[in-house]
């Protein structure tokens, strides 16, 4: 099996051309032979018609034939045979050049076969091929006239066509194979260039791209697809690196605290306090792991599933009830106002997570007696959602960076988060084609404003 695409392309190209040339040569030979033989057959048929008409009007047909032959009014080779193939008459010229023609198998068989219509056939004699016709004579009864004319240059012409085809076709095939290989090599050169470029691109450096300026539309499309694939791979590698860094960074601190606490508990009589601290750190570690998992899933959701519209009203109402239960446990009031009939394209799970993350942040940073509001309404062809609180707010220097990873806020008791909650919120909103803005200030609370496109709108 041929492995090279250039070789396969050349092979099939040569095979098609060789088949076409061979078919052309066969058809040319058949047409030329038919045309040349038809010319001789026409002359023989006319001679036979005149001879039959002449001998039919005489009492002695054989004598009439001898007279016509002496006058040169008939074809060079004239014979008369009976139905048994026996020769009754032959011209003097034929007797001189072919003394043994009386026993010729083909001529004998033609007379024995008989028939009411003329027969045409070629006979190879000593002086070359001769075209014969065999027609019945009205008298004597059961006899057949056989007239023949030398084919002359017909055989040489057909042999020349055969020889020329046998010589020229292989030459054309050789030239075509060489030219076809050069054409295939030139046509596939851009593919080799793309392969070489891809081989030089390493997993550690996905910034390089294949040259998009290809002369052919097909190659340009292939190059564009390869570069898009490299873009997706680069994004995936970057996300994976960031996720690995997040895991390393976020797990290092709680593990260090846990280790130190355990060591302290071994030598301290106040083991219960140490174990309580250890339990708190385990809870913090568990929450961090959950945040990292959610962030990884949010990174993976670069394009949101578009299976159908999601009822934002139902999803936000359900999430609001969960936030309300959490707020009540912390002594915080939660108010929910969701307009019914709001729908958006996207993932119900992710939209629920969006409100839960914002609500949990609000509860965490709002002191007891504070208030949280969760709302969603239709505004200018979009869904406008908000989560606000009366908590401690965000410092002015941290506000521009709230969506960055590892940016930690602190509540009144000094408790902080994993630094991933708002980063997850930003990824979810971006994946749904929306926008999120955080408005806050120290001591005035925080408000998160989210806009999402309504399902079916142009946006």
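For residue 69, state whether it is under 20 Å from residue 149 (Cα atoms), surrounded by fewer than 16 Cβ atoms within 10 Å (Cβ to Cβ) and either touching a helix residue (DSSP H, G or I) at 6+ places or on another chain (Cβ under 7 Å) or in the same structural domain as residue 152 (by TED's automatic domain parsing) (or both).
Considered against the rule, which asks whether it is under 20 Å from residue 149 (Cα atoms), surrounded by fewer than 16 Cβ atoms within 10 Å (Cβ to Cβ) and either touching a helix residue (DSSP H, G or I) at 6+ places or on another chain (Cβ under 7 Å) or in the same structural domain as residue 152 (by TED's automatic domain parsing) (or both), residue 69 comes out as no.
Is it fair to say residue 158 is at pLDDT 80 or above, out of contact with any strand residue (DSSP E or B) (no Cβ under 6 Å at 6 or more places or on another chain) and within 15 Å of residue 37 (Cα to Cα)?
Yes.
Suppose the filter is crowded, with 17+ Cβ neighbours inside 10 Å and either closer than 20 Å to residue 72 by Cβ or modelled with pLDDT of 85 or more (or both); does residue 127 pass it?
no
Residues of region 110-140 being assigned to a loop (DSSP other than H, G, I, E, B) and more than 22 Å from residue 69 (Cβ to Cβ), which ones? Walk me through how you get there before you give the answer.
Taking region 110-140 and keeping what is assigned to a loop (DSSP other than H, G, I, E, B), we get 114-118, 126-127, 138-140.
Scanning region 110-140 gives 114, 115, 116, 117.
For residue 185, only one of the following conditions fails: (1) outside the structural domain of residue 58 (by TED's automatic domain parsing); (2) farther than 24 Å from residue 12 by Cα. What is its number?
Condition (2) is where residue 185 drops out.
With the requirement that a residue be in contact (Cβ under 8 Å) with a residue 40 or more places away in the chain and under 41 Å from the mean Cα position of the chain (by Cα), what does region 343-364 give you?
If the condition is that a residue be in contact (Cβ under 8 Å) with a residue 40 or more places away in the chain and under 41 Å from the mean Cα position of the chain (by Cα), then 343, 344, 345, 346, 347, 350, 351, 353, 354 are the ones that fit.
Say whether the condition of being within 24 Å of the chain's Cα centre (by Cα), part of a helix (DSSP H, G or I), at pLDDT below 80 and surrounded by 11 or more Cβ atoms within 10 Å (Cβ to Cβ) is met by at least one residue in region 209-216.
Within region 209-216 (the criterion being within 24 Å of the chain's Cα centre (by Cα), part of a helix (DSSP H, G or I), at pLDDT below 80 and surrounded by 11 or more Cβ atoms within 10 Å (Cβ to Cβ)), the answer is no, since none of the residues qualifies.
Output the number of residues of region 158-187 satisfying the condition of being under 30 Å from residue 124 (Cβ atoms) and surrounded by 14 or more Cβ atoms within 10 Å (Cβ to Cβ).
Adding up the residues that qualify gives 4.
Just for region 141-157: of the residues that are buried (at least 18 other Cβ atoms within 10 Å of the Cβ) and outside any strand (DSSP E or B), which one is nearest to the chain's Cα centre (by Cα)?
By that ranking, first place goes to 154.
With respect to the numbered conditions (1) farther than 17 Å from residue 333 by Cα; (2) at pLDDT 85 or above, which one is the sole condition not fulfilled by residue 363?
Of the numbered conditions (1) farther than 17 Å from residue 333 by Cα; (2) at pLDDT 85 or above, the odd one out for residue 363 is (1).
Condition first: modelled with pLDDT of 80 or more, in contact with a strand residue (DSSP E or B) (Cβ under 6 Å, 6 or more places away or on another chain) and surrounded by fewer than 18 Cβ atoms within 10 Å (Cβ to Cβ). Now tell me which residues in region 90-115 satisfy that.
Selection gives 106 alone.
Being farther than 15 Å from residue 135 by Cα, touching a residue at least 60 places away in the same chain (Cβ under 8 Å) and either surrounded by 17 or more Cβ atoms within 10 Å (Cβ to Cβ) or within 60 Å of the chain's Cα centre (by Cα) (or both) narrows it down to one residue among 18, 48, 75, 38; which is it?
18
Checking the structure you have, find out if any residue of region 363-370 is assigned by TED's automatic domain parsing to the domain that holds residue 435, touching a strand residue (DSSP E or B) at 6+ places or on another chain (Cβ under 6 Å) and either surrounded by fewer than 23 Cβ atoms within 10 Å (Cβ to Cβ) or part of a helix (DSSP H, G or I) (or both).
no
Give the number of residues within region 337-362 that are assigned to a loop (DSSP other than H, G, I, E, B) and crowded, with 20+ Cβ neighbours inside 10 Å.
3
Within region 371-408, which residues are in a loop (DSSP other than H, G, I, E, B), loosely packed, with under 14 Cβ neighbours inside 10 Å and either out of contact with any strand residue (DSSP E or B) (no Cβ under 6 Å at 6 or more places or on another chain) or in contact (Cβ under 8 Å) with a residue 24 or more places away in the chain (or both)?
380, 381, 395, 396, 397, 404, 406
The values are calculated or read from the model by the stated rules, or taken from the named source; none is laboratory data. Please read these numbers as outputs of a predicted model, since none were measured by experiment. Glycine also receives a Cβ, built like all others from the backbone with ideal geometry; neighbour counts cover every protein chain displayed.
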